[in-house]
Amino acid sequence: MARRRITVRDVAEIMEHWQAGGSIRAIARSLGADRNTIRKYVRVAQAQGHRPGPGGSPPQGWKEWVAQTFPALPSEAGRCSSTERNGHLLLAK
């Protein structure tokens, strides 16, 4: 199975499902993503104090939170972020 590029929108959708109470397995099945991918992003949210349920989302919304927390993620599929060129991730100094 080929890997696909995860975007800010994809991770924000993962977080919205999780915040609404979806299980890791249900989110993975619904979005067609690997359970480990779902866990990766949920763990970061939990480490920052976010929880499922009402009031558990960041005040700026999930999309903005994802963009700030994971700056290397492209904002849209098929477009390179400012930190990515020719398929290579550029690390900030």
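The values are calculated or read from the model by the stated rules, or taken from the named source; none is laboratory data. This structure is a prediction, so every number in the text was calculated from the model and none was measured. No Cβ is skipped: glycine too gets one built from the backbone with ideal geometry, and neighbour counts run over all protein chains shown.
Taken across the stretch 21-35, residues that are within 17 Å of Ile6 (Cα to Cα), modelled with pLDDT under 95, touching a Cys at 6+ places or on another chain (Cβ under 7 Å) and surrounded by 17 or more Cβ atoms within 10 Å (Cβ to Cβ) do not occur at all.
Confirm whether Gln46 is in a helix (DSSP H, G or I) and farther than 15 Å from Ile14 by Cβ. No.
On the basis of being without any contact (Cβ under 8 Å) to a residue 24 or more places away in the chain, among the acidic types (Asp, Glu) and within 16 Å of Val66 (Cβ to Cβ), does Asp10 make the cut? Yes.
Every residue, every condition in (1) farther than 16 Å from Val42 by Cα; (2) assigned to a strand (DSSP E or B); (3) out of contact with any helix residue (DSSP H, G or I) (no Cβ under 7 Å at 6 or more places or on another chain); (4) at pLDDT 75 or above, yes or no:
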position	(1), (2), (3), (4)
Gly56	no, no, no, yes
Gln60	yes, no, yes, yes
Lys63	no, no, no, yes
Gln68	no, no, yes, yes
Ala72	yes, no, yes, yes
Ser75	yes, no, no, yes
Cys80	yes, no, yes, no
Lys93	yes, no, yes, no
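There is no residue in the stretch 38-46 that is under 10 Å from the mean Cα position of the chain (by Cα), among the hydroxyl-bearing types (Ser, Thr, Tyr) and modelled with pLDDT under 95. Considering only residues in the stretch 44-57 that are without any contact (Cβ under 8 Å) to a residue 24 or more places away in the chain and over 17 Å from Gly21 (Cβ atoms), the one that is surrounded by the most Cβ atoms within 10 Å (Cβ to Cβ) turns out to be Gln48.
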